[in-house]
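A.B. asks: A single structure is presented below for examination.
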Amino acid sequence: MGAVIFSDVHADSVAIRDLATCIKTPLFRQAFGQIDFLINLGDLVHRGDRPQETLEMIHSLSREYRLVSVLGNHDHAYLNRLLVSGSDPASTYRHEQMRGSPLLSLFDTMPMEWSDRGMLFVHGGPLDLGKQTLRLKCWQRLSHESGDSFAGFHYTAPMAFDALSLRGLTHMCCGHQHQNICCRKTPDGIVEKPIEFEPLSVKKEDDEYHIEVARIPLDVPTLLRVGGCHGDEPEFAFTDFTTFSFIRINSRD
């Protein structure tokens, strides 16, 4: 069972199209095998200026693959007309032009979390803290210290592992903060494992996309935060639920 995971596209249709092309290359298939479904960890909208093209691409992907999506904080803010930083006038205008579009049906029944095979998939964090906006799971942020903030409730790795354990889960995959991170709960305590990307070594060199990969064994409880799938070097991930691979598209021929 293999899943491609992406987060924080932020209306960057070029980046999500790059991902869609990359996962169909012989390079990717040789390295990772079959893709059974895609998991969108939220924040499809805001900041970028191509929301329509982005949502069209997501709908297209949902016809090619089984697609699981969870709500991000920017998705939540857009749908509820909440002010949030990061969008310039062009982005704001094009998002407002999308109001009422049938493409937004994607969000109609989108949950804030989803779990499978002992792993929780969520945009921000795993804590049940009530219905206050900045404490919702899509607004929570992994940090070294806990507490409320203007950007969302900050939780720590021990808090996350405790919340997962109470639900019989061992791993969590999130996005939201645009920087990848890996925290492992070992017999010696919780440690942050450096994510060391390496060029993917394959037999064929004629693929359009070149990627870097950092593989993490899921042999102990683990928190995995995926980098943003936007910009010049979009990041995403793949898991077969025994190993988790952080992936970065680092060049295009």
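The values are calculated or read from the model by the stated rules, or taken from the named source; none is laboratory data. Source: prediction; values computed, not measured. In this analysis, Cβ positions are derived from the backbone assuming ideal geometry, glycine residues included, and neighbour counts consider all displayed protein chains. Calculation scope for accessible area: heavy atoms of the full protein, side chains included, ligands and nucleic acids excluded. Shrake-Rupley method; radii C 1.70, N 1.55, O 1.52, S 1.80 Å.
A.B. asks: How would segment 86-237 be classified by its alpha-carbon gyration tensor: rounded, prolate or oblate, with rounded meaning a/c under 1.5 and the a/b versus b/c comparison settling the rest?
C.D. replies: oblate
A.B. asks: Turning to a different aspect of this structure: Assign one of three labels to segment 1-153, namely rounded, prolate or oblate, based on the Cα gyration tensor with a ≥ b ≥ c the square roots of its eigenvalues; rounded applies when a/c is under 1.5, prolate when it is not and a/b is larger than b/c, and oblate otherwise.
C.D. replies: oblate
A.B. asks: Taking θ as phi - 60°, what are the ³J(HN,Hα) couplings along segment 216-222 by the Karplus curve (6.51, -1.76, 1.60), each to the nearest whole Hz, with x for Gly and Pro?
C.D. replies: Whole-Hz 3J(HN,Hα) from phi for segment 216-222: 10, x, 9, 9, 9, x, 9.
A.B. asks: May I ask you to derive the relative contact order of the chain, considering only C-alpha pairs under 8 Å and at least 6 residues apart, and to give it as an integer percent?
C.D. replies: 21 percent
A.B. asks: Any idea what the dipole of the chain comes to, in debye rounded to 20, about its Cα centre with Lys/Arg Cβ at +1 and Asp/Glu Cβ at -1?
C.D. replies: That gives a dipole near 600 debye.
A.B. asks: Check Leu218: other-chain or 5+ apart residues with amide H under 5 Å from its amide H, H built from backbone geometry?
C.D. replies: Thr243, Phe244
A.B. asks: Students often check this: by mean Cβ neighbours within 10 Å, which of 114-126, 179-191 ranks highest, and how do the rest follow?
C.D. replies: Sorting 114-126, 179-191 by mean packing, highest first, produces 114-126, 179-191.
A.B. asks: If the cut-off is a Cα-Cα distance under 19 Å, which aspartates and glutamates reach Lys24, setting aside same-chain residues fewer than 8 apart in sequence?
C.D. replies: Counting by Cα, and skipping residues close in sequence, Lys24 has these aspartates and glutamates nearby: Asp36, Glu56, Glu64, Glu205, Asp206, Asp207, Glu208, Glu212, Glu233, Glu235, Asp240, Asp253.
A.B. asks: Please list, in chain and number order, the residues 5+ apart from Met112 or on another chain whose amide H is under 5 Å from its amide H, with Hs placed from the backbone.
C.D. replies: Amide H neighbours of Met112, under 5 Å, 5+ apart: Leu71.
A.B. asks: If the elastic network links every pair of Cα atoms under 10 Å, which of His59, His176, His230 fluctuates the most in the Gaussian network model of the chain?
C.D. replies: It is His59.
A.B. asks: Right, another one. Per-residue HN-Hα couplings for segment 103-114, Karplus 6.51 cos²θ - 1.76 cosθ + 1.60 at θ = phi - 60°, whole Hz, x for Gly and Pro?
C.D. replies: Per-residue couplings from phi come out as 5, 6, 4, 3, 8, 4, 10, 6, x, 8, 7, 8 Hz.
A.B. asks: Have a look at the DSSP beta bridges in segment 48-199 and tell me what percent are antiparallel, nearest 5.
C.D. replies: Rounded to the nearest five, the antiparallel share is 65 percent.
A.B. asks: When the accessible area of segment 1-108 is computed with all protein chains present and a 1.4 Å probe, what percentage of it is carbon and sulfur?
C.D. replies: In segment 1-108, the share of accessible area belonging to carbon and sulfur is 47 percent.
A.B. asks: I'd like to check one number: the per residue accessible area of the chain, probe 1.4 Å, reported in Å² as a whole number.
C.D. replies: 46 Å²
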